[in-house]
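The values are calculated or read from the model by the stated rules, or taken from the named source; none is laboratory data. Just so you know, these numbers come straight off a predicted model, no measurement behind them. Virtual Cβ from ideal backbone geometry, glycine too; neighbours counted across all protein chains shown. The accessibility values were calculated without ligands, DNA or RNA, using every heavy atom of the protein model including side chains. Shrake-Rupley method; radii C 1.70, N 1.55, O 1.52, S 1.80 Å.
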Amino acid sequence: MIDDIYEAAFDAAHCGTMLERLAELVGADSAFIAWHDTRKSAHFRAHWGDDPHWQQRYVEEFVHHDILRPVLAAQPEGMLGTVAEKLDDPDIRASYFYTGYIAPQGIVDNMACNLIKQPTVHGIVAFMRRAPRPRFGSEEVAAMRPLVPHLRRAVLIQSQLIAAANVAEAHRQIAQSSRAHIVLLSRTLDVADADPRVAAMLGLRVGQPLRASTHGRALATAVADGQPLVVTLVDDDGTMQHLLCEPQALGNDPFGDLALPDRPAHALHVSEVERPHAIAYDAIATLYQLTPTEQRVLRAMLDHGDAAGLSAALGMGRATVRTHLHNVYAKTGTAGFSALCNLAHRFSRAVLPRGDDLNR
């Protein structure tokens, strides 16, 4: 049983088997284990032996009428308890929860335990018995009690694993909407993960060698050399598109290979060269305290690149334009047009598609 518990701790797919064996151990007709971590927005729930119809009705209808929940909530962490005696209470028998949920299913007892009882984390394991079985006895409670600490550790392990997966997914979504898409590669240069947009462009498939893609051999050489590479794509109509691929070696603790032999060891940052970018003029103006007129001059200067033509474009005299331009240079600490362009480049941002367009 302990082996089954830790198999489920590291792979949630084994939870059904674990619950079935635990139910057999204590003679239960059904079992479930659940936990919720509000701090990390992680949660999990697994069932065995429950009727899906009643599961759904509990969630939609009876959860707010469950008068036995306070009984379980009052139990100290790690202590097993049963509700059989409470089911004899006339007030409970007359309740909507009993008449609508417990009695129709023939539930005679529920043995449950608060595995985790903390302000942000709550974990529970529970076992149901239905007629004609008798209520749980001291022998069943004694059989389950030594396993409770292991179940508690299993919940904590799963919480950490799912929280880590949530963080990884968040990073994946952030990268998907950035100007540089991400491709993750294993030590053997197999594709571990790839932004769907870039994967489609380069013919990459997760789980396959990088070299199997159309441009894989050149990309593998770039990764080995640690040097950027420009990949040219040609559409059916002859339109050319250029991708700047910048390799990065990822420093990880090799001990992680024990659990994940194909862990990401390299990243490719892939930028679409033709994708338009915009200058965050408002941010520059706020940071360097530019006046509205100075911001207009800055924008016009970077758009046209010709100080001589700014006077006509802005409707100002040449001397006035020069005064505002020198103010911009002074406030931004730049000594001329080239330095101003370099500064503006650091404030460039990608013009991102919206919503589902990120996955196209």
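Assorted remarks:
- Given +1 at the Cβ of Lys and Arg, -1 at the Cβ of Asp and Glu and no other charges, the dipole of the range 18-61 around its Cα centre is 340 debye to the nearest 20.
- Working note: Cα gyration tensor of the range 25-99, eigenvalues times five, square-rooted, sorted largest first, giving semi-axes of 22, 17, 16 Å.
- The length gained by stretching the chain between MET79 and HIS43 to full extension, at 0.36 nm per residue less their Cα-Cα distance, is 10.8 nm.
- Cα-derived Rg to Rh of the range 73-157, Kirkwood definition: 1.01
- The largest accessible area among VAL148, VAL206 belongs to the first residue in VAL206, VAL148, and the rest follow in falling order (1.4 Å probe, all chains).
- Helix 15-26 vs. the chain, principal-axis angle (Cα, 0 to 90°, nearest 10): 20
- Distant-in-sequence amide H partners of ALA84 (H built 1.01 Å from N, under 5 Å): ASN110
- Projected over every direction and averaged, the convex hull enclosing the alpha-carbon atoms of the range 58-106 yields 3.8 nm².
- Solvent-accessible area per residue for the range 53-130 (1.4 angstrom probe, square angstrom): 50
- Charged-residue dipole, Cβ positions (Lys, Arg, Asp, Glu), the chain about Cα centre, Debye nearest 20: 1280
- The range 221-249 versus the range 1-52: alpha-carbon centroid distance in Å: 47
- Taking Cα atoms only, the orientation of helix 292-304 departs from the longest principal axis of the chain by about 70 degrees.
- Modelled spin labels at TRP54 and VAL234, positioned 7 Å past Cα toward Cβ, are 6.8 nm from each other.
- Peptide ranges 25-34, 212-221 listed from the most packed, as the mean C-beta count within 10 angstrom indicates: 25-34, 212-221
- Here the Karplus relation 6.51 cos²θ - 1.76 cosθ + 1.60, evaluated at θ = phi - 60°, turns the backbone of the range 47-58 into coupling constants of 10, 9, x, 7, 7, x, 4, 6, 4, 5, 5, 4 Hz, with x for every Gly and Pro.
- Peptides ranked, highest mean first, by Cβ atoms within 10 Å: ranges 96-107, 152-163: 152-163, 96-107
- Rolling a 1.4 Å probe over the heavy atoms of the protein chains gives the range 263-310 an accessible area of 49 Å² per residue.
- Rolling a 1.4 Å probe over the protein chains gives VAL183 an accessible area of about 0 Å².
- Cα-based helix-to-principal-axis angle, 216-225 vs the chain, degrees rounded to 10: 80
- Volume in Å³ per residue [convex hull over Cα atoms, computed for the range 1-140]: 120
- The chain, accessible surface, carbon-and-sulfur percent (1.4 angstrom probe): 54
- Helix-only mean residue ellipticity at 222 nm for the chain, each DSSP H run of n ≥ 4 adding -39500 (n - 2.57), per residue, nearest 500: -11500 deg cm²/dmol
- Of the peptides 82-90, 271-279, the order by per-residue mean of other Cβ atoms within 10 Å, starting with the highest, comes out as 82-90, 271-279.
- For the chain, the spread of Cα positions along each principal axis, largest first, Å: 96, 49, 40
- Residue (of SER186, LEU229, VAL328) at the positive-pole extreme of the chain, dipole from beta-carbon charges: VAL328
- Relative contact order (%) - criterion: Cα under 8 Å, at least six apart; region: the range 178-255: 17
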